[in-house]
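Report on the following structure.
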Amino acid sequence: MLNKHAIWLPGQGSQRVGMGKVLSERYAVVKDALEEANEALGMRLDNLMYEGPMTELTRTDNAQPAILALGVAMYRVYSQEWGYTPEIAAGHSLGEFTALTCAGAITFPDALRLVRCRGELMQSAAAAGIGAMAAVNGPSSDVVEKVCMDISTECVDGSCIVVVSNINSEQQTVISGHKKAVFEASERLSTHGAAVIPLQVSAPFHSPLMAPAAEQFAEVLSSVSFGGLAFPVVSSLTGLPYKNTAEIPELLAKGLTDPVNWPSVLAYQKSIGVAAAVELGPGSVLKRLAQREEMLVLSFDDKEDEAHLAGASKPREAYSIELLNRCLAIATCVRNRNWNASQYEQGVALPYRRVQQMIETLQETGGKVEEAHVRQALTMLESVFATKGTSAEEQERRLARLRTEFGLRSLPDVSLAKRPYTYAGSLL
């Protein structure tokens, strides 16, 4: 089983034609969930998801229920078929509705109707054509926010508002507001070395310009009954878990005007010792956002990750060929700080080739992976770390991730697991 982990639910923009089709053919719970969505909305949402056209699926009022429906369907496979339970959950913008639904705070039919309504309100705002959004890659969110504030305060009539709408990672911030203000901010940020990409939306989501839509949505939310949470859900606005059900409608309404702060979600997750996550929904956007984080992230919509999740959920041998191959992958990607060719051949290349040959033999003979095989792979890693000059901290991080990924409480006791190694030669 996958150890202590979170589930992450993506937001709008992750939709694609064909989403959920193969899964509905493989898992009855997925087909049933999408049929339930059809009934709740009074439309063939599944047909739109499977066949498009993309122009219709991308409409905010269609994309939001489609993404939520697939996220909930995947959660049912994850929980009912595979037997997983998350430590916490979090969703990016729209994904917060999916997270709350998975946790039991909102019924599936209510959630579908809520996000359909949310999408209609947002679509109406888009029809006004006054807003724009852009992704800013490079500068910190503080730099981006300073530029936005400067532009907004320079405008005396309030017709050129631009704000930070999404902090997705240390490298990416999204801005939102009036078209001319977003354009001006984009120009100024480009001079700071930013790579600015205009987004294909016509409404300024997560900005004060969405206040009228937020007010209308708050009225809709007031008519919904919210239940208790089966597990904590972290708000993407505050970076903290919901304290009680009373907070839910307030924060969901604010989600239309207030910025998403995804790094704060990851910071909270790390603070409670959760170093892994499973992304449930179309695509792998949240997995990509976490690439620079020291955590294991598996995406249901990635074939290899799905196979690992499904396999890890069932009783199996403690050790596998996949574990041995992952040791080889670690040996390859660890940075080399030792350029002595002879030492590299003896300490890296030779033990690496021996483990490769061992794996090939096991595959050819169909042999069972025993503890002795894992010991040899770990001994190879020991030699690679020592020769390449890998720090003790990095060694421990990589071993911890190896244990987490394969659901192991511990690894066979070799010196690698007991003491740090450092290369004694010159380090470059």
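Looking only at region 363-377, which residues are outside any helix (DSSP H, G or I) and buried (at least 17 other Cβ atoms within 10 Å of the Cβ)?
The one that is outside any helix (DSSP H, G or I) and buried (at least 17 other Cβ atoms within 10 Å of the Cβ): VAL369.
Go through the residues of region 85-100 one by one and say whether even a single one is touching a strand residue (DSSP E or B) at 6+ places or on another chain (Cβ under 9 Å), in a helix (DSSP H, G or I) and either among the polar types (S, T, N, Q) or not assigned by TED's automatic domain parsing to the domain that holds GLY255 (or both).
Yes, the conditions are met somewhere in region 85-100.
Residues are listed down the side, and each one gets a yes or a no for (1) touching a residue at least 24 places away in the same chain (Cβ under 8 Å); (2) among the polar types (S, T, N, Q); (3) buried (at least 16 other Cβ atoms within 10 Å of the Cβ):
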position: SER313; (1), (2), (3): yes, yes, yes
position: ASN338; (1), (2), (3): yes, yes, yes
position: THR379; (1), (2), (3): yes, yes, yes
position: GLU382; (1), (2), (3): yes, no, yes
position: LEU399; (1), (2), (3): no, no, yes
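Which count do you get for residues in region 121-160 that are in contact with a strand residue (DSSP E or B) (Cβ under 8 Å, 6 or more places away or on another chain), part of a helix (DSSP H, G or I) and under 25 Å from GLY193 (Cβ atoms)?
6
Looking at LEU350, LEU328, which one is crowded, with 16+ Cβ neighbours inside 10 Å and either out of contact with any Lys or Arg (no Cβ under 7 Å at 6 or more places or on another chain) or under 21 Å from GLU393 (Cα atoms) (or both)?
Only one candidate passes the filter, namely LEU328.
Filter region 140-170 down to the residues that are surrounded by 14 or more Cβ atoms within 10 Å (Cβ to Cβ) and touching a residue at least 60 places away in the same chain (Cβ under 8 Å), then identify the one that is farthest from THR257 (Cα to Cα).
This residue is SER169.
Somewhere in region 407-415, is a residue at pLDDT below 85, of a type outside the set (Lys, Arg), in a helix (DSSP H, G or I) and farther than 30 Å from ALA310 by Cβ?
yes
Within region 282-306, count every residue that is touching a strand residue (DSSP E or B) at 6+ places or on another chain (Cβ under 6 Å) and within 30 Å of VAL162 (Cα to Cα).
4
Considering each residue of region 198-254, count those that are out of contact with any strand residue (DSSP E or B) (no Cβ under 8 Å at 6 or more places or on another chain) and in a helix (DSSP H, G or I), and give that number.
The qualifying residues number 20.
Here's the yes/no breakdown for (1) more than 23 Å from LEU296 (Cα to Cα); (2) in a loop (DSSP other than H, G, I, E, B):
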position: GLY18; (1), (2): yes, yes
position: SER24; (1), (2): yes, no
position: ALA33; (1), (2): yes, no
position: PRO65; (1), (2): yes, no
position: GLY71; (1), (2): no, no
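Report the residue count in region 190-205 for those that are buried (at least 18 other Cβ atoms within 10 Å of the Cβ) and at pLDDT below 95.
4
List the pairs whose first member sits in region 199-217 and is free of Cβ contacts under 8 Å to residues at least 40 places away in the same chain, whose second member is polar (S, T, N, Q), and whose Cβ atoms are under 9 Å apart, counting only residues at least 6 apart or on separate chains?
GLN200/THR58
Condition (residue is among the aliphatic types (A, V, I, L, M), part of a strand (DSSP E or B), surrounded by fewer than 17 Cβ atoms within 10 Å (Cβ to Cβ) and not assigned by TED's automatic domain parsing to the domain that holds GLN12) applied to region 175-189: is it met by at least one residue?
no
For residues in region 42-63 being charged (D, E, K, R) and either in contact with a His (Cβ under 8 Å, 6 or more places away or on another chain) or assigned to a helix (DSSP H, G or I) (or both), which is farthest from LEU114 (Cα to Cα)?
Looking at residues that are charged (D, E, K, R) and either in contact with a His (Cβ under 8 Å, 6 or more places away or on another chain) or assigned to a helix (DSSP H, G or I) (or both), I get GLU51.
Please specify each residue of region 265-283 satisfying the condition of being among the hydroxyl-bearing types (Ser, Thr, Tyr) and surrounded by 19 or more Cβ atoms within 10 Å (Cβ to Cβ).
TYR268
Among the residues of region 293-310 satisfying the criterion of being surrounded by 13 or more Cβ atoms within 10 Å (Cβ to Cβ) and among the small types (Gly, Ala, Ser), which is modelled with the highest pLDDT?
Looking at the filtered set, the residue picked out is SER299.
The values are calculated or read from the model by the stated rules, or taken from the named source; none is laboratory data. Note that the structure is predicted; figures quoted are calculated from it, not measured. Glycine gets a Cβ as well: all are built from the backbone with ideal geometry, and neighbour counts include every protein chain shown.
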